[in-house]
Every structure is written in structure tokens, then in C-alpha cells.
Amino acid sequence: MKISAFITVLITGFFLIAGSPFTDDHGQAVVGEKAPDFTLVDSHGVEHSLSDFEGSYVILEWLNHECPFVRKFYNAGEMQRLQEYYTEQGVVWLSIISSREGEQGWMTPDQVNEASAELGAAASAVLIDEPGDVGRMYNARTTPQMFIITPDGTLVYDGAIDDKPTANPADLEGAHNYVVAAMTSLFNGEEIAVNTTRPYGCSVKY
């Protein structure tokens, strides 16, 4: 293989791994546009559609309890604290598991409920997306990856939960939490300063 062709392959491979910018092809999620609707069943067997929550802020959290980047937040109680705070403010918090059966992060509904109870999770619901259709629709690449949707259905944030891309709980201190910053701006009727960031964590196991 010629060197130039080899470099082209490497560059192409990098962008496939890192992910491409959102497009509106096939109803994919695009920041600044209406969030694509979806319907999923939660870990208790209850069906939820995104459109059910029109009129409320919605936070989507891609979840994999085996991922060390996710455990960083749950073992420290930080994710639960955020879930509890925002749901008390009327925000709908939906955790979504897109792991395929046999892959890291996949759980039966009973296992999801056991983990939620053990960790004291306070999400509005944990949704099962085993085929990965919703994850692909939102171009969810990592766990955690966070999305914020306004009461009128507009997707206004997509990306990392904070600016410390490590699995070390000690790095929670002093981190700039993009979700908190965005929600604070929204509650204050202000523009979100940063509405897209590169997510970090474990790759979603489609």
C-alpha cells in the first residue's frame, strides 16, 4: 500500500472511531433542532415516549454500570445527587442502556432494578434500548453521554457530563459540569454558553 493511501485509511479510521458531526439524515438528533421522538420500555416494563414529556425539561443519560467512567459518578454519589436535584425541579431524567446482550453493560430488567436500588439511583426511569436504535438515532458514542431537551422539544445540549475526562473520582472536585451549567442557564432564561462537547467514557456496546 502506498504511504499516501495508508495515511488516508488511518485518517478515515480515526474519524469513524471518534464519531462524525451530527446530521439530520434518517431523523438523527441535531443540537438546535427538535429532538427525535422515540419509544422505549423501562426496567419495570412501562413504555415511555419522549413526546410524553412535552412541556418538561428532559435529560438523557447513556448508562453502562460496568464502565469505570460511569462508576466514577455513581460510586461517589454524584450522578444520584444530580438526578435527585433535577427531578425535584420537575425535570425528567431518563437513563438509557443501549448495550447489546452479551456485551459490557447489558443487564436484565431485574438486574437494572437491583443496581438502581443498590446505588440509590434517582432517575425518572431506566430505559432499555437493546437493539441500539435510539442510541444510534442520538449518535450516543460513550457512557456517560448527556443530552438536554427543552420543554418545546428542542435538543440544546449533547456531549460530556464535565471537562475532566478521567475515571478518577478525585477529579470530580473542581470539574466544570456542562450539564449543570446548561441547566442553570436554562432555568435563568439565558443562552447556553456551551451546547456541544466531545463525550468521553466507554464506547457504547451496540
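The values are calculated or read from the model by the stated rules, or taken from the named source; none is laboratory data. Bear in mind the structure is a predicted one, so any value in this text is a computation, not a measurement. Heads up, the Cβs are rebuilt from the backbone with ideal geometry, glycines too, and the neighbour counts pull from every protein chain shown.
Return the pair list, or none, for Cβ contacts closer than 7 Å from residues in segment 133-157 that are closer than 10 Å to Ile59 by Cα to residues that are of a type in the set (D, E, K, R) and part of a strand (DSSP E or B), at least 6 apart or on different chains.
Met146/Glu61; Phe147/Asp158
Looking at (1) within 13 Å of the chain's Cα centre (by Cα); (2) on the phi < 0 side of the Ramachandran plot, can you tell me which one Asp133 breaks?
Condition (1) is where Asp133 drops out.
Name the single residue, out of those in segment 75-89 being touching a residue at least 40 places away in the same chain (Cβ under 8 Å) and touching a Gly at 6+ places or on another chain (Cβ under 9 Å), that is surrounded by the fewest Cβ atoms within 10 Å (Cβ to Cβ).
Filtering first and then ranking leaves Gly77.
What number of residues within segment 161-187 are of a type in the set (A, V, I, L, M, F, W, C), in contact with a strand residue (DSSP E or B) (Cβ under 7 Å, 6 or more places away or on another chain) and within 18 Å of Asn64 (Cβ to Cβ)?
Total satisfying the criteria: 2.
Residues in segment 171-178: is at least one closer than 20 Å to Met79 by Cα, at pLDDT 95 or above and of a type in the set (A, V, I, L, M, F, W, C)?
Among the residues of segment 171-178, at least one is closer than 20 Å to Met79 by Cα, at pLDDT 95 or above and of a type in the set (A, V, I, L, M, F, W, C), which makes the answer yes.
Considering only residues that are free of Cβ contacts under 8 Å to residues at least 60 places away in the same chain and in a helix (DSSP H, G or I), look in segment 111-132 and name the one that is farthest from Tyr74 (Cα to Cα).
Gln111
Looking at Asp133, Asp152, Asp110, which one is under 20 Å from Val179 (Cα atoms) and surrounded by fewer than 17 Cβ atoms within 10 Å (Cβ to Cβ)?
From the options Asp133, Asp152, Asp110, the qualifying one is Asp152.
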